[in-house]
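Colleague: Take this structure, written in structure tokens, and hold onto it; I'll ask about it next.
Please treat every number below as a calculation from the coordinates, not as lab data. No experiment lies behind these values; they were computed from the predicted model shown. Ideal geometry is used to build each Cβ from the backbone, glycine not excepted, and the neighbour counts take in all protein chains shown.
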């Protein structure tokens, strides 16, 4: 799941959470596929951000879990590169890999 | 840090912040709430009346208190009801974070991505709340806010000292270092100093000032060393989960002093990170504040 600005949402994407207006009224249920008409309605109701499914980003569901898992490994190896020899940081890196990869399966 | 070095930092900080022009003052609403809360005879209704005079803040307070972040089974429809259930301090924290998001809403061209910045900040607040809960810390709300606001100094620099901060961001990009390292090399002070300076100027609590000032070196926070250690490690956890970005792409090493303060078990990192992920989802309601 990821948060995007309404300008970045495209038809065909799916909302990951119920969409509410500023008063808390339900506009669309989680799982609804976005259409051009829906985008227009959301703009009209001043909705500025959406939770979307199927993020192409790290640690989220996607079409090729093995590729995503490899990306998670590479990304965490990169950002932890200077500190991974510290026992606490090394353990944290491995735990973060497991937790993020469990989301892409 | 020795006293001499501390004075040098203060001198450099003063020289830098003296150049800031047009820094927003703390909104009158917060000053008024602070004054009202100092009076023990102030009622929930009086504070609610003040908050209700601003429809934008009222709507934000009601959205947050009705979100899964607080998880009340019944809908709260009035600010008075929210104050009675959550208490003055929680409502004040919500108003504080909402107004600070508002004050620093303006995105500077060529600066860093505010959306990613606030996501990192919300993530850090959520991670701090999880750590505080696990450690039996009494004031979860204050810890959440301290996490949410720990990096505000970056926004102050991005907005009001834009060219100097651009040099910092350039160094981060070319050397792939942490922002705090680039700030020390380029400016001789860091976003932690600037954030603490702002919160002091705004008369916010000493706890918030010290956790902000010392989140990269919690051992210096004196009596606030434990909450500072919580914010320090929360920042590391949310970076490990790759959620949002505070403007750099590296993970700082945990301070040994902070690690011993926290008394955590690395064997428990998996459930800890999973719990932080769930708390972040609930806390995302705070992204509404930048609308």
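Colleague: Mind giving me the nanometre distance, one decimal, between the label points for residue B:282 and residue B:186, set 7 Å out from Cα along Cα→Cβ?
Modeller: Once both label points are built, they end up 3.8 nm from each other.
Colleague: Still on this structure: For chain A, what is the per residue volume of the convex hull drawn over the alpha-carbon atoms, in cubic angstrom?
Modeller: 119
Colleague: Shielding of B:247-255 by partners, i.e. mean partner chain Cβ atoms within 10 Å per residue? Write down the numbers at each step before the final one.
Modeller: Details: counts 0, 1, 3, 6, 12, 3, 8, 5, 0.
Taking all residues of B:247-255 together, the mean is 4.
Colleague: Between residue A:45 and residue B:46, what FRET efficiency follows from the Cβ-Cβ distance if R0 is 30 Å, with the result rounded to 0.05? Don't skip to the end; give the middle numbers.
Modeller: Details: r = 33 Å, r/R0 = 1.11.
FRET efficiency, residue A:45 to residue B:46: 0.35.
Colleague: Hey, with R₀ at 35 Å, roughly what FRET efficiency would residue B:105 and residue B:34 work out to, going by the Cβ-Cβ distance, to 0.05? Mind dumping the intermediate values first?
Modeller: On the way: r = 22 Å, r/R0 = 0.64.
Calculated transfer efficiency: 0.95.
Colleague: Kindly provide the helix-only [θ] at 222 nm of the protein assembly as shown, computed as the sum of -39,500 (n - 2.57) over DSSP H runs of four or more divided by all residues, to the nearest 500 deg cm²/dmol?
Modeller: Working: 18 runs with 230 residues, N = 396.
Result for the protein assembly as shown: -18500 deg cm²/dmol, rounded to the nearest 500.
Colleague: What nm distance separates the two modelled labels at residue B:200 and residue B:268, each placed 7 Å from Cα along Cα→Cβ?
Modeller: Between residue B:200 and residue B:268, the label points sit 3.6 nm apart.
Colleague: Between helix B:269-283 and chain B, what is the angle of the helix's C-alpha long axis to the longest principal axis, kept within 0 to 90° and rounded to the nearest 10?
Modeller: Helix B:269-283 and the main axis of chain B meet at about 50 degrees.
Colleague: Normalized C-alpha radius of gyration of the range A:2-52, against 2.2 N^0.38 Å? Please report the intermediate quantities before stating the final value.
Modeller: On the way: Rg = 9.5 Å, N = 51, 2.2 N^0.38 = 9.8 Å.
Normalised Cα radius of gyration, the range A:2-52: 0.96.
Colleague: Next question, about the same structure. Take the range B:120-179, drop everything but the C-alpha atoms, weight them equally and run the Debye formula without solvent; then report log10 I(q)/I(0) at 0.13, 0.14, 0.24 Å⁻¹ to two decimals.
Modeller: -0.47, -0.53, -0.87
Colleague: Can you give the Rg to Rh ratio for the range B:52-188, taking only C-alpha atoms and Rh from Kirkwood?
Modeller: Values: Rg = 17.7 Å, Rh = 16.8 Å.
Radius of gyration over Kirkwood radius for the range B:52-188 works out to 1.05.
Colleague: Moving on to the next point. Build a GNM of chain A with springs between Cα atoms under 10 Å: which of A:39, A:50, A:22 gets the top mean-square fluctuation?
Modeller: Largest GNM mean-square fluctuation: A:22.
Colleague: Please compute the contact order of the range A:1-40 in relative form: average sequence separation of alpha-carbon pairs under 8 Å and at least six residues apart, divided by the residue count, as a percent. Walk me through the intermediate numbers first.
Modeller: Numbers: 46 pairs, mean separation 16.5, N = 40.
With pairs under 8 Å counted, the relative contact order is 41 percent.
Colleague: Take every Cα-Cα pair in the range B:26-103 and report what % of them are more than 22 Å apart. Don't jump to the answer; show the numbers that get you there.
Modeller: Details: 494 of 3003 pairs.
The share of Cα pairs beyond 22 Å in the range B:26-103 comes to 16 percent.
Colleague: If you don't mind, another one. What Kirkwood hydrodynamic radius do you get for chain B when you take the inverse of the mean 1/r over all pairs of distinct Cα atoms, in Å? Walk me through the numbers on the way to the answer.
Modeller: Working: mean 1/r = 0.0512 Å⁻¹.
19.5 Å is the Kirkwood radius here.
Colleague: Rank these for me by crowding, B:164, B:114, B:19, going from fewest to most other beta carbons within 10 Å. Provide the component values of the computation, followed by the final result.
Modeller: On the way: B:164 15, B:114 18, B:19 9.
With the fewest neighbours first, B:164, B:114, B:19 line up as B:19, B:164, B:114.
Colleague: Rule-of-thumb check for the range B:127-216: C-alpha Rg over 2.2 N^0.38 Å? Before the final figure, lay out the partial values.
Modeller: Details: Rg = 14.4 Å, N = 90, 2.2 N^0.38 = 12.2 Å.
Against the compact-globule rule of thumb, the ratio is 1.18.
Colleague: Another question, if that's okay. Among B:107, B:183, which comes first, then next, by fewest other beta-carbon atoms within 10 Å? Walk me through the numbers before you get to the answer.
Modeller: Numbers: B:107 16, B:183 26.
Starting with the residue having the fewest Cβ neighbours, the order is B:107, B:183.
Colleague: May I ask you to sort B:143, B:100 by Cβ crowding, counting other Cβ atoms within 10 Å and putting the fewest first? Show your work: numbers first, answer last.
Modeller: Values: B:143 27, B:100 24.
Listing B:143, B:100 from fewest to most nearby Cβ atoms yields B:100, B:143.
Colleague: Tilt of helix B:55-65 relative to the longest C-alpha principal axis of chain B, in degrees (0 to 90, nearest 10)?
Modeller: The two axes meet at around 90 degrees.
Colleague: For chain B, take the longest principal axis of its alpha carbons; what is the angle in degrees between that and the long axis of helix B:3-17, to the nearest 10 within 0 to 90?
Modeller: 70
Colleague: Where q = 0.08, 0.14 Å⁻¹, what log10 of I(q)/I(0) comes from the Debye formula for the protein assembly as shown, counting one point per Cα?
Modeller: So the normalised log intensities work out to -0.43, -1.39.
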